[in-house]
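Notes for the one structure printed next.
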């Protein structure tokens, strides 16, 4: 197991690359969800204001 984790002497490069990739992917998901939520709220507010202006 230690040999696998050592990655033939390249462990710091391999594991740091995995870590950075995981961070970037996680941030992408979080930011996309936040953007989707904000867009939905904006659309709902706009629909509500259009309904109010029609009545």
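The values are calculated or read from the model by the stated rules, or taken from the named source; none is laboratory data. Nothing here was measured: the structure is a model prediction, and the numbers come from that model. When we count neighbours, we look across all protein chains shown, and the Cβ atoms used for this are built from the backbone with ideal geometry, even at glycine.
Exactly one residue out of 51, 33 is out of contact with any strand residue (DSSP E or B) (no Cβ under 7 Å at 6 or more places or on another chain) and either touching a residue at least 12 places away in the same chain (Cβ under 8 Å) or surrounded by 10 or more Cβ atoms within 10 Å (Cβ to Cβ) (or both), and it is 33. Note on the stretch 1-29: residues that are at pLDDT below 90 and not in a helix (DSSP H, G or I) total 1.
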